[in-house]
Amino acid sequence: MDLTSTVFAHHGDIPVRYTCEGQDISPPLSWSGVPPHTKSLTLIVDDPDAPDPAAPKTTWVHWVLIDIPPGITGLAEGGQPLPTGTREGLNDWNRTRYGGPCPPIGRHRYFFKLYALDTTLVDLHMPTKADLEHAMKQHVLATAELMGTYKKAQQKGALD
């Protein structure tokens, strides 16, 4: 599978609009190459560089989506309305919507990870990333990844 965005390239800078310093909305995403026997898609957006990329201590989860219909080929800017049947899980702000990049220090990497599954996850109610990863074990048919970076404007003059 292939996962892309029209607003940033793989390994490129995520525009301010999609961060805590902008409108804090999700970037537009599109994908292709979903395997024919896919029953649902899931999306996880996370930052493995929290809180400091020089000494990361945790992976911060920004967005969790489950049961995206397999015929859907992307999400519009802002992600709303979500495709019919799509549900949101809990991010690390303990809420169910996208939370954009907002690194406290340095330039962080943000991974948008799409999974094609051979099942739906109707039994999961507002799962965390850990809940989702556990539930989709043995069900992943294919994956795609898009990584973007971001550093807050007030840090841009400092050394990375």
Lone unmet requirement of (1) of a type outside the set (K, R); (2) touching an Asp or Glu at 6+ places or on another chain (Cβ under 7 Å); (3) within 25 Å of H134 (Cα to Cα) for P27: (3)
Filter result (surrounded by 13 or more Cβ atoms within 10 Å (Cβ to Cβ), more than 21 Å from G89 (Cα to Cα) and aliphatic (A, V, I, L, M)) within the range 29-64: V34
Qualifying positions in the range 134-160 - surrounded by 13 or more Cβ atoms within 10 Å (Cβ to Cβ) and either assigned to a loop (DSSP other than H, G, I, E, B) or at pLDDT below 95 (or both): H139, K151, K152, Q155
Failed item in (1) touching a Leu at 6+ places or on another chain (Cβ under 9 Å); (2) of a type in the set (D, E); (3) within 30 Å of A153 (Cβ to Cβ); (4) surrounded by fewer than 18 Cβ atoms within 10 Å (Cβ to Cβ), with D118 passing the rest: (3)
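If we keep just the residues of the range 114-131 that are among the hydrophobic types (A, V, I, L, M, F, W, C) and in contact (Cβ under 8 Å) with a residue 24 or more places away in the chain, which is nearest to V34 (Cα to Cα)?
Step one: list which residues in the range 114-131 are among the hydrophobic types (A, V, I, L, M, F, W, C), which gives 114, 116-117, 121-122, 124, 126, 130.
Then keep just the ones that are in contact (Cβ under 8 Å) with a residue 24 or more places away in the chain; that gives 114, 116-117, 121-122, 124, 126.
Details: L114: 10, A116: 7, L117: 10, L121: 17, V122: 20, L124: 22, M126: 24 Å.
That would be A116.
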Set D67, D131, D92: member being surrounded by 12 or more Cβ atoms within 10 Å (Cβ to Cβ), at pLDDT 95 or above and on the phi > 0 side of the Ramachandran plot: D67
P27, sole failed condition from (1) more than 15 Å from E145 (Cα to Cα); (2) touching a helix residue (DSSP H, G or I) at 6+ places or on another chain (Cβ under 6 Å): (1)
Counted residues, the range 43-58 - those being in contact (Cβ under 8 Å) with a residue 40 or more places away in the chain, out of contact with any Leu (no Cβ under 6 Å at 6 or more places or on another chain) and not acidic (D, E): 7
Given (1) part of a strand (DSSP E or B); (2) without any contact (Cβ under 8 Å) to a residue 24 or more places away in the chain, number of the condition N94 does not satisfy: (1)
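The values are calculated or read from the model by the stated rules, or taken from the named source; none is laboratory data. Everything quoted here is computed from the prediction, not taken from an experiment. Here the Cβ is made from the backbone with ideal geometry for all residues, glycine too, and neighbour counts use every protein chain on show.
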